[in-house]
Protein chains: 2
Amino acid sequence: MPAANTAPAGAELAALVTPARLAEFFAPGSIAVVGASDTSGWARFLLASATTAGFSGPLIPVHRRHKTVFGRPAAASLREVGEQVDLAFIMVPLEAVEEVLEDAAAAGIRGAVVLASGYREVGEDGTALQDRLLAKAAGHGITLLGPNCLGFLNAHARTAPFALTIPPPLVAGPVGVALQSGALASVLLSFARAHAIGVSTLTSLGNEAMIATADVVDYLVEDDHTKVICLFLEAISDPFAFAAAARRADQAGKPIVALKAGASQAGIAAALAHTGSIAGDDAVVDAALRQLNVIRVGSIEELLTTSAVLGYTRWPRGRRMGAVTTSGGACDLIADRASGEGIEIPAFAEQTAIGIAEHLPPFAEARNPLDVTGYFLANQRTSLLTPADSALDLAVDDPGLDFVLFSGLNLPDARPPDAMASALEARAAWLAERIASAPIPVIPIASTCVNLSDYGREVLAAHGLHLLGGIDLGVRAIGNALRWLDGRGRTGLALSSVPASPVQAAGTWGEDDSRALLAAFGVPLVPSVRVNAVEAAICAASRFGFPVAVKISSSAIAHKSDLGAVALGLDDAAGVAAAYEKVVRAAGEHPIDGVAVAPMRTGGVELLAGVTVDATFGPVLAVGLGGVWVEVLRDVSLRVLPVDRAEVLRMLGELRGLQLLTGARGSAAADLDALAGVIAAVGDAALSLRDSLVSLEVNPLWVKGRQIEALDVLVITKELTS
Amino acid sequence: MPAANTAPAGAELAALVTPARLAEFFAPGSIAVVGASDTSGWARFLLASATTAGFSGPLIPVHRRHKTVFGRPAAASLREVGEQVDLAFIMVPLEAVEEVLEDAAAAGIRGAVVLASGYREVGEDGTALQDRLLAKAAGHGITLLGPNCLGFLNAHARTAPFALTIPPPLVAGPVGVALQSGALASVLLSFARAHAIGVSTLTSLGNEAMIATADVVDYLVEDDHTKVICLFLEAISDPFAFAAAARRADQAGKPIVALKAGASQAGIAAALAHTGSIAGDDAVVDAALRQLNVIRVGSIEELLTTSAVLGYTRWPRGRRMGAVTTSGGACDLIADRASGEGIEIPAFAEQTAIGIAEHLPPFAEARNPLDVTGYFLANQRTSLLTPADSALDLAVDDPGLDFVLFSGLNLPDARPPDAMASALEARAAWLAERIASAPIPVIPIASTCVNLSDYGREVLAAHGLHLLGGIDLGVRAIGNALRWLDGRGRTGLALSSVPASPVQAAGTWGEDDSRALLAAFGVPLVPSVRVNAVEAAICAASRFGFPVAVKISSSAIAHKSDLGAVALGLDDAAGVAAAYEKVVRAAGEHPIDGVAVAPMRTGGVELLAGVTVDATFGPVLAVGLGGVWVEVLRDVSLRVLPVDRAEVLRMLGELRGLQLLTGARGSAAADLDALAGVIAAVGDAALSLRDSLVSLEVNPLWVKGRQIEALDVLVITKELTS
């Protein structure tokens, strides 16, 4: 089938995965389940999921032999269904999938999910199979999810062609989800259910033959039900598409929260084994996600709790938090966790404190974080509101706070006796009203991470309240949300507009060429003279003034000092003469261009600014302080290129050794702004080499106050195979 | 009342809080609730708690006026109860407490809990009240818990004089709990219930007037029902008693897991506000807890999950983990989290892999961590066991593993239809049997942190299985448990046996005295000569050989280099002469003893070894590398003294800059063992100053290969007020 082996045209493909087309795909009114049988666990799950989602459209089993499946009449093939089918969920064995796709095309079906495994994830043969599957679907104008995927659910559209458990009840809500491991869906949904975190559309992405992560993100950005996007990623296979989608999400004000596997080498191996994806170096992934303002989290629980903060509460305008609790222990835990997240807990304004004190017993203090104590339990309540409620009522008007964390609502396991239930529900109503009218956001939080009871869920739902799952996760999630808010509007990974530089030869560049490249981008270089005789070296040294450095000039030697072909701190002519002989001798058989003489730079701080090429993200800039900082401490900041001066300033701000640049230990403070400009220019120089770039490194990049100079430069390029 | 104001004798007090006496105290057969009334929330909670715990003994309300309370006949005072009372739970207002205690004594009651607040936590007046309360209780031979405390529960003894919610059902189990914030008890119990983590005795410590943290730890160490001890601490008020108890716990093989508040300054302030305790510097607390092999955790959830690992599973002998899961995503998450905990996931032995492969679909790989995939769902099962079970069966015999994490048991929300329930229960029985017979521990884990369903709890309980609450918490908890196992048997904070050194004068010591002190403890010192004339300085320098260092010798100047009273790297006589004049001039009006001349030490690495006195823990040793390592990176390891050579070696191992000592960057590897010995001697020298010690610092302590020398020493002592 030669036609099927031809890659589908880009435009043709793109039309099948637009947000509009996916909105149709993710809301099928009728579903055929091809390959369903009474003995198939997948089919049983899918039927149960449809029920849980409240699917009311036709759900038609299709099976070659069985006349009925789970008591429903079955069609023998998609061609024989006899009514309109919006989506074919294909759970036949691998070898039968293509024929079913033909049937689907014949029946005019526009969407298909393919469950079967054995495609790209098993290697070359599988990849060929997958390419053919894609070509066939595209050729027939069928939007395809999978293969090797469990399907999706759309809680607002009440549909769930999903072949795994959806723990009931399924709550519709603001969190859109896309997962590169479908089996995690049940896990994620079970945590979401426990905390009444509602989802909009949840997708198992499988092998992403046609519908890829970025397409789903684009769809969720357009989807009105979705306020926050929640991803589980094993690999980012198309970083440009992903970056573009992330930028659109940021612009649309829809946060992306991602759990990206592969923080460990073992993690990478695990991801490789079952998706066949190639995961990039984790530190680069980390940098890239930060540049895209995608909030990276470390667990399913943190993923969903962060999404809940962003999806259910008004967004705080700053980091000054008030906290109202009913226990000193809770105050301690909140304060400790907040400190870890860079959240401030300022003192209450005097007026707030005075007001709150009226609701406290004499031995308690009206301070932030606030413990109203359990004192009021000693006597029957006279007011509807607890002291915590009254304190909240006052704290939201405190001019020094950006938001209030409220840990004063405890929900019982079951409906208590009527009088208590009425009191609780009246409190909930008051809280909901007060939270809605408060000048600053209020974030209600449970003390620990346990499931809401059915009654608790009811009370919250009745009043539109949300309760975060515990202090640890909740405050961590608020920290994540604040980071997202801080990062808005500066999503990077833009396409570079740097003009191309000519590339003379592949391999290690000579010193003159390397220096010329950097000079062309405005990177200041230490003066240097190339000589071919001892006398010329002495003469050059005298002109620069002692001390000087002498090193071999040879494109055949990448690491000169390892060979002993560098001599530093030469104080006089004799020293220069000896050094000349030494570096030439050290070069041995290597062809040399001569010997370079340059003035020594002393004092100040040495940095390293290097660009390498990441398999996934392309050119990546690393910036660090020299010496132990890089070698022992790995104190390096990374960014996917291009970066501008502002971004490099943020990189410098991330260095643990930053203080050395700002004047610690008696050094002159470096001109950080100028330095950032120079480093950005180093990045541009690297980008100008386009696909020839292997690496470009300035090491050391010397800074002393406002003086900045590249002391040594190494450029390596490769032959382009075209 | 002069008698009551006298502090009770130590022995008298100690007899009231022995493990045996507390075993009696924590298992009262009859309880009087003094001050209970129908309108008191405390009383309502206490009655409900007793019911939840299954308390079957007499529970007698005592109230001056009410004839009945919650329908029970009430006594007018403890003197009029008319039957034996083991424990008086006193919930009367502050001012009535002492009278009730007299009544209790008259009635021969041996135990009391005091709920009232307003004691030590409110300042001086309260402290006086509390002292009087303690004296009265001790005088009458009454064991007292509180004041400012909510009581306790003992799940095995089915008793719960506890004035806050105990979420039912209360599960009896291996986790003993003591909390310095009683209100956290409900929070903690609600998380414990969610994961079927059973408690033995749980105590709200309150102000610890008589029964202190260490006493409860001692009791739990002796308590046969308790396998692991779980603490929430705001302050460690008696570090010696705590250390002794921690040592006994370690010797008894009972891990202590502690959530200690105060990691943030705000946290410290919060703790101060409501307990009146003084919290030590958090880094010192951290070091002290590590020395005591107390596992410090960051959240309630981690506290309990760590306790569950240690209380419910067999302890692993090492860090090599097998992982069996049903999803690639779970593998990713496990691998990432394990990497963060230093847990290895080695490849399966060939035989294991071959055996496992037979249970996998063709496209899946038999690797560790293992994803058995959901493939078996495609067809009805023929075996009782799932592929995950079969893989577990094989993995436990893998000779290269220390334990297996099993993420293959999913428990449904409710009892499924009979056939499925029987199958699940048969699997659970098989798993329990296999786990019990396996040569290595198996740790079953849920995928995410959600409550067990009632049915799930039943199935687990019926077979004695335990399921950790999610991958993130579970693997973190296993890491904590492994750290505890690693730390066994080296609990420090011993009493020092260092002999006392004579202390001549308070204040900053002169150089000769300082050097003599360190020399007496075997600390090698750089040679140094004190001179009073330029010529003598030059002469001394010539004898040492150039270059030399010259510095002022003056006990009036603690920080010589800040004044410019130090000159380094002097190469010749002229330099020495100039330096002599300079440092004398720099000393200005300060009285001086002369000028010290010493040879320069170059190359090698400079460290700092300093001892300061922590308000809680006493003398604390800080070790770090000099320069940026300490000043910019705060790369310092701390220990409460005394320490031995082995402990200092562990300190050095904690330094991020360790590589500089082991030969990174071309330096000679330092003789770490000798270095550790020298640093331990510095610690001993500090201890020898006893309570006079203010600080003792060797900075720099110079190391080059096997050469080790203290280059500068500063000792400061204070006048003892006695």
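The values are calculated or read from the model by the stated rules, or taken from the named source; none is laboratory data. None of the values given here were measured: they were computed from a predicted structure. With ideal geometry, Cβ positions are generated from the backbone for all residues, glycine too; neighbour counts draw on all protein chains shown. Surface accessibility is based on the protein's heavy atoms, side chains included, excluding ligands, DNA and RNA. Shrake-Rupley method; radii C 1.70, N 1.55, O 1.52, S 1.80 Å.
Given R₀ = 35 Å, FRET efficiency for B:PHE546-B:GLN659 by Cβ-Cβ distance, to 0.05?
My answer for the efficiency is 0.65.
Which net charge results for the neighbourhood of B:ASP593, defined as the other residues with beta-carbon distances under 13 angstrom from its beta-carbon, given Lys and Arg at +1 and Asp and Glu at -1?
My count for the surroundings of B:ASP593 gives +1.
Out of residues 5 or more away from B:LEU525 or on other chains, whose amide H comes under 5 Å of its own, with H placed 1.01 Å from N in the peptide plane?
HN-HN under 5 Å from B:LEU525: B:ALA710.
In terms of modelled amide H atoms, which long-range or inter-chain residues lie less than 5 Å from the amide H of A:LEU405?
Amide H to amide H, under 5 Å and 5 or more residues apart or across chains, A:LEU405 pairs with A:GLY322, A:ALA323, A:VAL324, A:ILE443.
Using a 1.4 angstrom probe with every protein chain in place, what is the largest-first accessible-area order of A:TYR580, A:TYR312?
The ranking, largest first, comes out as A:TYR312, A:TYR580.
For chain B, state what percent of all Cα-Cα pairs lands in each successive 10 Å bin, counting from 0 Å until the bin that includes the largest distance.
That works out to 3, 13, 19, 18, 16, 14, 10, 5, 2, 0, 0, in percent per bin.
Quote the total accessible area buried by chains A and B together, excluding ligands, DNA and RNA, probe 1.4 Å, nearest 100 Å².
5900
Say R0 is 45 Å: what FRET efficiency, to the nearest 0.05, do B:ASP593 and B:ALA674 get from their beta-carbon distance?
Calculated value: 0.90.
If you filter the stretch A:530-595 for GluC sites (Glu not before Pro), then keep DSSP loop positions with at most 15 other Cβ within 10 Å, what is left?
Passing sites in the stretch A:530-595 are A:GLU589.
If you look at just the Cα atoms of the stretch B:53-121, how large are its Rg and its Dmax in Å?
Looking at the stretch B:53-121, its Cα Rg and Dmax stand at 12.3, 36 Å.
Using θ = phi - 60° and the Karplus relation 6.51 cos²θ - 1.76 cosθ + 1.60, list the HN-Hα couplings for the stretch B:653-659 in order, rounded to whole Hz, with x at every Gly or Pro.
Working through the residues one at a time gives x, 7, 6, 5, x, 3, 4 Hz.
Do any trypsin sites (Lys or Arg not before Pro) in the stretch A:437-490 lie in a DSSP loop with no more than 16 other beta carbon atoms within 10 Å, and if so, which?
Counting only loop positions with at most 16 other Cβ atoms within 10 Å, the trypsin sites (Lys or Arg not before Pro) in the stretch A:437-490 are A:ARG488, A:ARG490.
Got the B:LEU720 label distances to the other copies yet, label 7 Å along Cα→Cβ, in nm, shortest first?
For B:LEU720, the other copies' label points sit at 8.2 nm, shortest first.
Sketch the reach of a paramagnetic label on B:THR51 as a point 7 Å from Cα along Cα-to-Cβ, and name the residues of the stretch A:413-444 whose backbone nitrogen lies under 17 Å away.
Backbone N within reach: A:413-421.
Would you check chain A for Lys pairs whose C-alpha atoms are within less than 15 Å, ignoring same-chain pairs closer than 8 in sequence, and give me the count?
Lysine pair count for chain A: 4.
Find out how many positive minus negative residues lie around B:SER555, taking Lys and Arg as positive, Asp and Glu as negative, among other residues whose Cβ is under 10 Å from that of B:SER555.
Around B:SER555, the charge tally is -4.
Over the protein assembly as shown, average the accessible area per residue using a 1.4 Å probe and give it in Å², no decimals.
I get 37 Å² per residue for this part.
Working with all protein chains in place, sort B:PHE363, B:PHE617, A:PHE70 by solvent-accessible area computed with a 1.4 Å probe, largest first.
From most accessible down to least: A:PHE70, B:PHE363, B:PHE617.
From the backbone phi of the stretch B:215-220, what are the Karplus-calculated ³J(HN,Hα) couplings (6.51 cos²θ - 1.76 cosθ + 1.60, θ = phi - 60°) in whole Hz, Gly and Pro given as x?
Result, ordered by residue: 5, 5, 4, 4, 4, 5 Hz.
How much of the DSSP bridge set in chain B is antiparallel, in percent, rounded to the nearest 5?
50
Kindly tabulate the residues in the stretch A:465-480 with an accessible-area decrease of at least 10 Å² between the chain alone and the assembly of all protein chains, using a probe of 1.4 Å.
A:ASP472, A:ARG476
How big is the gap, in Å, between the Cα center of the stretch B:641-707 and the Cα center of the stretch B:225-265?
28
Report, for B:PRO502, each distance to the same residue's label point in the other copies, shortest first and in nm; define the point 7 Å along Cα→Cβ.
Taking the point 7 Å beyond Cα along Cα→Cβ, the inter-copy spacings are 8.6 nm.
Using protein chains only and a probe of 1.4 angstrom, how many square angstrom of B:MET210 are accessible, to the nearest 10?
For B:MET210, the solvent-accessible surface is approximately 10 Å².
If you take every DSSP beta bridge fully contained in the protein assembly as shown, what fraction is antiparallel? Give it as a percent rounded to 5.
If I count the DSSP bridges inside the protein assembly as shown, around 50 percent turn out antiparallel.
Accessible area of A:LEU384, 1.4 Å probe, to the nearest 10 Å²?
Counting only protein heavy atoms, the figure is 80 Å².
Kindly provide the helix-only [θ] at 222 nm of chain A, computed as the sum of -39,500 (n - 2.57) over DSSP H runs of four or more divided by all residues, to the nearest 500 deg cm²/dmol?
-11500 deg cm²/dmol
If the label for A:ALA646 sits 7 angstrom from Cα along the Cα-to-Cβ line, what are its distances to the same label in every other copy, in nm to one decimal, shortest first?
5.7
For the stretch B:558-650, which trypsin sites (Lys or Arg not before Pro) are both in a DSSP coil and crowded by at most 15 other Cβ atoms within 10 Å?
B:ARG634
Return the chain B residue and its Cβ-to-axis distance, rounded to the nearest Å, for the rotation relating B to A.
B:ASN451, 2
For B:ARG634 and A:ARG634, what does the FRET efficiency come to when R0 = 25 Å and r is the distance between their Cβ atoms, rounded to the nearest 0.05?
Taking R0 as 25 Å, the efficiency between B:ARG634 and A:ARG634 is 0.90.
What residues have an amide H closer than 5 Å to that of A:VAL694, excluding those fewer than 5 places away on the same chain, when H is modeled at 1.01 Å from N in the peptide plane?
Sorted by chain and number, the residues that satisfy this are A:ILE716, A:THR717, A:LYS718.
Pop out the carbon and sulfur fraction of the accessible area of the stretch B:288-413 as a percent, whole number, probe 1.4 Å.
Carbon plus sulfur share of accessible area: 49 percent.
Rounded to the nearest 10 Å², what accessible area does B:SER453 have for a 1.4 Å probe in the complete protein model?
20
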